[in-house]
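To start, the structure itself, in structure tokens.
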Number of protein chains: 2
Amino acid sequence: MLEQRIRHTDLRARVVTAEEAQEWIHDGMTVAVSGFTKSGDAKAVLQALAKRVRQSGEQLKINLYSGASLGETDAILNAQHVVSCRLPYQSDPLLRKSINQGEVQYMDQHLSQTAEFLRSGYLGDVDLAIIEATAITDDGGIIPTTSVGNSPVFVHQAKRVIVEINLNTPIEFEGLHDIYLPAERPNRMPIPITHVADRIGTTYIPCDPEKIVGIVLSTCSDTPSNIVPADRDTQRMADFILDFFHHEVRYGRLPRNLAPLQSGVGSVSNAVLSGLATSSFGNLEIYTEVMQDAVFELFDSGKVAFASASSFTLSKDMTQHVNSSLSRYRDQLVLRPQEISNHPEVVRRLGVIAMNTALELDIYGNVNSTHVSGTYMMNGIGGSGDFARNAGLTIFVTKSTAKDGRISSVVPFVSHVDHTEHDVDVLVTERGIADLRGLTPRERAKTVIENLAHPSYKDELLSYVKRATSSGGHTPHILDEAFAWHTRFKETGDMREAEPIAKAII
Amino acid sequence: MLEQRIRHTDLRARVVTAEEAQEWIHDGMTVAVSGFTKSGDAKAVLQALAKRVRQSGEQLKINLYSGASLGETDAILNAQHVVSCRLPYQSDPLLRKSINQGEVQYMDQHLSQTAEFLRSGYLGDVDLAIIEATAITDDGGIIPTTSVGNSPVFVHQAKRVIVEINLNTPIEFEGLHDIYLPAERPNRMPIPITHVADRIGTTYIPCDPEKIVGIVLSTCSDTPSNIVPADRDTQRMADFILDFFHHEVRYGRLPRNLAPLQSGVGSVSNAVLSGLATSSFGNLEIYTEVMQDAVFELFDSGKVAFASASSFTLSKDMTQHVNSSLSRYRDQLVLRPQEISNHPEVVRRLGVIAMNTALELDIYGNVNSTHVSGTYMMNGIGGSGDFARNAGLTIFVTKSTAKDGRISSVVPFVSHVDHTEHDVDVLVTERGIADLRGLTPRERAKTVIENLAHPSYKDELLSYVKRATSSGGHTPHILDEAFAWHTRFKETGDMREAEPIAKAII
């Protein structure tokens, strides 16, 4: 067993417990760990560290860099106030709270760019990398588990590496990964991916065995994803998108197998992919960050030719299904470093169709993906910017209202801009779809309000645009009213004007 | 003479006057023309069209697509109300006025992306392309003049082509250009540029001779650029940037020849490049959109190894100098299509240092490049987004105030976002420089206010941040005050609070 999991003979002597390994983590260190959207994250050592801090009560703070969100480990560390600085993405409610209180220094980054920032030097050194692995090859190469994320660049940059071999990961995961690290500039070459299925690297993360200071054997499971099943609104949004795809095929702007699909994490994206299973589209390709359950449903329906991502983020049932039938899927999928799964170079070349969730959108097509009321961080921009700017077709979805109608997701001016009007092609709510391509701002405002806004907010939006436009301008605004709805919500708990019932709640 | 300029024998019979050629332009047509930042633009036929419309009084409207701004032709057409829709960039004061009045439908696009939008089909057909040329090769290839811009994709997409051979362009321009068009998806390959000097295409724009319906011989000159000489503030900003480069070299984050430089049009960028001429940096490379006068000054100082751009945009004197000594420069420069000069793939691979001008910036590092008071279009985003998102180092510059101090360029919340906090590394005003890399929003606010804001506005900015932060949040804002300065300016003509002298002016 151990021979299969640690093939480098000398390294077998470096097996330690998680409790021993966590002793190597000291106050002030930068620790870079595997993990992307709750998958393949380092768990045992960090959780042992949290336990030590809880028990000892000592003051210990680390900078924690990852691929994207960790599973429950983010919450466990946060509870012990262990994290000083966190990047580039998170999605844990308590960690989010610490970030918004200013206790955790959070750097929200485009997920393809963290590797570049590390190389450029201003994020400092990586003292220690902790990487979850399926196995270690006979020359020290690290075979990842359910995600690749930033692990290759972390291993490359780290002074020392701890490997957490997850004994629950089927050994058949070997061969799923394709590890490629762009060279340092000025010697960088084109990324030679021209088709979704292209393999351009190694099946393991190359690592000098001398760097591996310890190996922990773990049986922790990934925190399962909890995809909410599509409700009526979500299904309507998915249907609008599928209709739109048919429309584009009819006009010759998309081929019958569409273009490589990227879909953000969430129930709408999942519903769109599920909807494709019963559609007339076939031979589909997926070039995305995260494979959710629906991707495997699509495989099972025979609709997908190939899928590329940086992680599996699956429900408990789907994890069991995939792990037990990996041989059926293995020739049709690949897991890549997030720098490659999200690389603008590849996204633009392939002409990806990017589908991501907006928190808020405005009448001119700007999108807020991250900040509630322009102030409070939700999760982070993730890969949405990597894809949106360079995709062949960029779609953002959101329900037209939130909080039982008290918040309109369609506003005069978004309270934070993550995606500018230049980067958004199509917007979708449960009310309809707005194709903004080739429209001027004034035209965009018209179609956004007519097609996307909830009836409770339409008149006020129309009034805003009409009054703003009366003073002219390419993108007419009345700045002293632009955030009036946000202010009203702050004061009354309702963005709607004179809505007696909602006001009564306050 | 004509033999040298029109080498395709049959095409010599297609020489017509500009007056004859303009007859081919009809109401409702989409006309796509050469021209990038006032250089190499189609002039004779469009000006003849304007003359016809002025004389006949007829109602004629066209969609006018270009590389970027045209020279005086944009103003001449606008005076006759000939343009219905204009893209992707402009900089003419009167055209700007028509856009802001809603008379001209303007689409402000990332300059690398117009070619993609044309290919994707939703911008409609190109009825006619008009391309200024140095000469036509013996198989119909079009050799551009002082810019390449979007001409290759226009020629490829157009149903018919008119060539304006500019007899004033030295025939030695042949060989300066490198024409490469990415293939349609899904057959697109990597753009094989790994060094600034790489040549990857042809020296002419391939064109089926049958498409060329007419050739006009012209002697119109490019509208010369009018670079304002660096004033004290501009020079200070340039000095801050040069000091910063030295700092980065000292810390090993930049090599001694820096990285390929992109600089937007304008006096600060020009001053930075001029400053390099007397610096200790050498063997520099330039990978930019536009070569301004300073690039040739750098050549003359022996500091530049190679420069790549999509156009020359030169003063009258420098044009004469360059035209008369082209042989000295020709092995050290190349003019590319704007899709390539600005392509995110190449910008990211090379790790370009991008320097562009901001109209307005906010305490968290968001940048407005386009809209005065969030409403009135200035010029357009140009290539700033192509570069900023993917550059190795992204710098924006602006004076800390405008209108004699009545406008602060550093505001709580920019009134339009073209570049998000995720895409901005370094900000510069005449007051100082703020390195935002690796900082959280709260840290960014501190350094932006301390280093960049004008003293007249510092206290109010500090007060804003302090009060906003008291309610927590990752990016603390008080939305009902966020645009208070813009509103104050609208009402009193001054963003400053209680400034008696300034108020007296109103």
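The values are calculated or read from the model by the stated rules, or taken from the named source; none is laboratory data. Since the model is a prediction, treat every value here as computed from it, not as a measurement. Reconstructed Cβ throughout: ideal geometry from the backbone, glycine too, with neighbour counts over all protein chains shown. With ligands, DNA and RNA removed, areas are computed over all heavy atoms of the protein, side chains included. Shrake-Rupley method; radii C 1.70, N 1.55, O 1.52, S 1.80 Å.
Tell me, yes or no, whether the stretch A:420-427 has at least one residue that is touching a helix residue (DSSP H, G or I) at 6+ places or on another chain (Cβ under 8 Å) and over 22 Å from B:ASP423 (Cβ atoms). Yes, the conditions are met somewhere in the stretch A:420-427. Pairing residues of the stretch A:262-290 that are in a loop (DSSP other than H, G, I, E, B) with residues that are of a type in the set (Val, Ile, Thr), at Cβ distances under 7 Å and at least 6 apart in sequence or on separate chains, gives A:GLY264/A:THR357; A:VAL265/A:THR37; A:VAL265/A:VAL290; A:VAL265/A:THR313; A:GLY266/A:THR357.
Filtered by the rule that a residue be over 19 Å from the mean Cα position of the chain (by Cα) and more than 14 Å from every other protein chain (Cβ to nearest Cβ), the stretch A:246-273 gives a lone residue, A:HIS246.
Of all the listed residues (B:ARG348, B:ARG330), the sole one being assigned to a helix (DSSP H, G or I), on the phi < 0 side of the Ramachandran plot and open to solvent by 20 Å² or more (accessible area, probe 1.4 Å) is B:ARG330.
Which of the residues spanning the stretch A:104-136 are of a type in the set (S, T, N, Q), in contact with a strand residue (DSSP E or B) (Cβ under 9 Å, 6 or more places away or on another chain) and open to solvent by 10 Å² or more (accessible area, probe 1.4 Å)? Give the derivation first.
First, pick out the residues of the stretch A:104-136 that are of a type in the set (S, T, N, Q): A:105, A:109, A:112-114, A:120, A:134.
Now narrow it down to the ones that are in contact with a strand residue (DSSP E or B) (Cβ under 9 Å, 6 or more places away or on another chain): A:105, A:109, A:114, A:120, A:134.
Scanning the stretch A:104-136 gives A:GLN105, A:GLN109, A:SER120.
The selection criterion, being surrounded by 24 or more Cβ atoms within 10 Å (Cβ to Cβ), away from chain B (no Cβ under 14 Å), of a type outside the set (S, T, N, Q) and in contact with a helix residue (DSSP H, G or I) (Cβ under 6 Å, 6 or more places away or on another chain), does not hold for A:ALA75. Filter the stretch B:246-268 for residues that are out of contact with any helix residue (DSSP H, G or I) (no Cβ under 8 Å at 6 or more places or on another chain) and within 28 Å of B:MET378 (Cβ to Cβ); which is surrounded by the most Cβ atoms within 10 Å (Cβ to Cβ)? Once the filter is applied, the top-ranked residue is B:VAL265. Among the candidates A:PRO190, A:PRO209, the residue that is surrounded by 16 or more Cβ atoms within 10 Å (Cβ to Cβ) and either over 25 Å from A:THR145 (Cβ atoms) or among the charged types (D, E, K, R) (or both) is uniquely A:PRO190. In the set (1) within 11 Å of chain A (Cβ to nearest Cβ); (2) buried (at least 20 other Cβ atoms within 10 Å of the Cβ), B:CYS85 fails one condition alone, (2). For the residues A:SER341, A:SER315, the requirement of being in contact (Cβ under 8 Å) with a residue 12 or more places away in the chain, hydroxyl-bearing (Ser, Thr, Tyr) and surrounded by 24 or more Cβ atoms within 10 Å (Cβ to Cβ) singles out A:SER341. When you check B:VAL372 against the structure, is it touching a residue at least 12 places away in the same chain (Cβ under 8 Å), more than 17 Å from B:SER269 (Cα to Cα), within 13 Å of chain A (Cβ to nearest Cβ) and open to solvent by 40 Å² or more (accessible area, probe 1.4 Å), yes or no? Judged against the criteria, B:VAL372 is a match. Annotation note: of B:GLN55, B:GLN47, the sole residue that is open to solvent by 10 Å² or more (accessible area, probe 1.4 Å), part of a helix (DSSP H, G or I), over 21 Å from B:ILE381 (Cβ atoms) and touching a residue at least 60 places away in the same chain (Cβ under 8 Å) is B:GLN47.
For the criterion of being over 30 Å from A:GLU184 (Cβ atoms), within 14 Å of chain A (Cβ to nearest Cβ) and in a loop (DSSP other than H, G, I, E, B), B:ASN187 passes.
Quick check: anything in the stretch B:167-175 under 23 Å from the mean Cα position of the chain (by Cα) and not in a helix (DSSP H, G or I)? Yes.
In the stretch A:462-476, the condition of being touching a strand residue (DSSP E or B) at 6+ places or on another chain (Cβ under 7 Å), among the hydrophobic types (A, V, I, L, M, F, W, C), on the phi < 0 side of the Ramachandran plot and outside any loop (DSSP other than H, G, I, E, B) is met by no residue.
When only residues in the stretch B:375-394 that are of a type in the set (Gly, Ala, Ser) and buried (at least 24 other Cβ atoms within 10 Å of the Cβ) count, which is nearest to the other protein chains (Cβ to nearest Cβ)?
Taking the stretch B:375-394 first, the residues of a type in the set (Gly, Ala, Ser) are B:380, B:382-385, B:388, B:391-392.
Next, from what is left, pick out any that are buried (at least 24 other Cβ atoms within 10 Å of the Cβ): B:380, B:382-385, B:388, B:391.
Working: B:GLY380: 10, B:GLY382: 11, B:GLY383: 12, B:SER384: 10, B:GLY385: 6, B:ALA388: 10, B:ALA391: 10 Å.
By that ranking, first place goes to B:GLY385.
A search for C-beta distances below 9 Å between a residue of the stretch A:95-109 that is closer than 9 Å to B:GLY473 by Cα and any residue that is in a helix (DSSP H, G or I) and not acidic (Asp, Glu), counting only pairs 6+ apart in sequence or on different chains, returns A:LYS97/A:ASN78; A:GLY102/B:ARG442; A:GLY102/B:THR469. For the residues A:THR169, A:THR202, the requirement of being within 22 Å of A:THR9 (Cβ to Cβ), modelled with pLDDT of 95 or more and open to solvent by 20 Å² or more (accessible area, probe 1.4 Å) singles out A:THR202. The listed residues are A:GLY438, A:GLY365, and the only one of them that is out of contact with any Asp or Glu (no Cβ under 9 Å at 6 or more places or on another chain), outside any helix (DSSP H, G or I) and either more than 20 Å from A:ALA197 (Cα to Cα) or not hydrophobic (A, V, I, L, M, F, W, C) (or both) turns out to be A:GLY438. Between B:ILE179, B:ILE193, the distinction of being over 29 Å from A:LEU123 (Cβ atoms), of a type in the set (A, V, I, L, M, F, W, C) and under 22 Å from the mean Cα position of the chain (by Cα) belongs to B:ILE179 only. In the stretch B:477-486, the qualifying residues are those that are part of a helix (DSSP H, G or I) and under 30 Å from the mean Cα position of the chain (by Cα), and the one that is nearest to A:SER98 (Cα to Cα) is B:ALA482. Residues considered: B:ASP435, B:ASP423. Of these, the only one that is within 11 Å of chain A (Cβ to nearest Cβ), open to solvent by less than 30 Å² (accessible area, probe 1.4 Å) and of a type in the set (Asp, Glu) is B:ASP423. Scan the stretch A:462-470 and give yes if some residue there is under 29 Å from A:SER263 (Cβ atoms), without any contact (Cβ under 8 Å) to a residue 60 or more places away in the chain and open to solvent by 10 Å² or more (accessible area, probe 1.4 Å), otherwise no. No, that holds for no residue.
A quick yes/no check of all residues on (1) more than 12 Å from every other protein chain (Cβ to nearest Cβ); (2) closer than 29 Å to A:PRO412 by Cα; (3) of a type in the set (S, T, N, Q); (4) in a helix (DSSP H, G or I):
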site	(1), (2), (3), (4)
B:PHE396	yes, yes, no, no
B:VAL417	no, yes, no, no
B:ARG442	no, yes, no, yes
B:THR447	yes, no, yes, yes
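B:LEU94 falls short on exactly one of the conditions (1) out of contact with any helix residue (DSSP H, G or I) (no Cβ under 6 Å at 6 or more places or on another chain); (2) surrounded by fewer than 23 Cβ atoms within 10 Å (Cβ to Cβ), and that condition is (1).
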